[in-house]
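The values are calculated or read from the model by the stated rules, or taken from the named source; none is laboratory data. Just so it is clear, the model here is predicted, and its values are computed rather than measured. With ideal geometry, Cβ positions are generated from the backbone for all residues, glycine too; neighbour counts draw on all protein chains shown. The accessibility values were calculated without ligands, DNA or RNA, using every heavy atom of the protein model including side chains. Shrake-Rupley method; radii C 1.70, N 1.55, O 1.52, S 1.80 Å.
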Amino acid sequence: EPVANLLRQQTELIATEGVTLEFEDDAVREIARMAALLNKTVENIGARRLHTVIERIMEHLSFEAAEIEKGSVLKVDKALVEERLSDVLVKSDLSRYIL
């Protein structure tokens, strides 16, 4: 597994709070799809887009992890990815019409 695996980094960061973070396969595919879509429609910043997409998803989860009972499991599924990134897609759609 690559050392620069962004999902593994997030998993390890959340583990410092005593919480297990799991990414479902469909969530991983959706993260990749959304990053590619945003690169295509907004500005192509390459792999950095993947980092910003994951950051957006993890924003609230990282704060929630401190409040969750140790030993709990946080699951990231496709629905959560879509929810956290829905406003980004709306903004990107509108940005095409702004001069």
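At 1.4 Å probe size, with the rest of the protein present, what percent of the exposed accessible area of the chain is carbon and sulfur atoms?
On the way: 3670 of 6700 Å².
Heavy-atom surface of the chain belonging to carbon and sulfur, 1.4 Å probe: 55 percent.
For the residue pair residue 26 and residue 13, what label-to-label distance in nm results when each label sits 7 Å from Cα along the Cα-to-beta-carbon direction?
2.6
Using the Kirkwood radius built from alpha carbon pairs, what does the Stokes-Einstein equation give as D for the chain at 20 °C and 1.002 mPa s, in µm² per second? Please report the intermediate quantities before stating the final value.
On the way: Rh = 14.3 Å.
It diffuses with D of about 149 µm²/s by this estimate.
So with the 1.4 Å probe, I'd like the accessible area per residue for the chain, rounded to whole Å².
Details: 6700 Å² over 99 residues.
Solvent-accessible surface per residue comes out at 68 Å².
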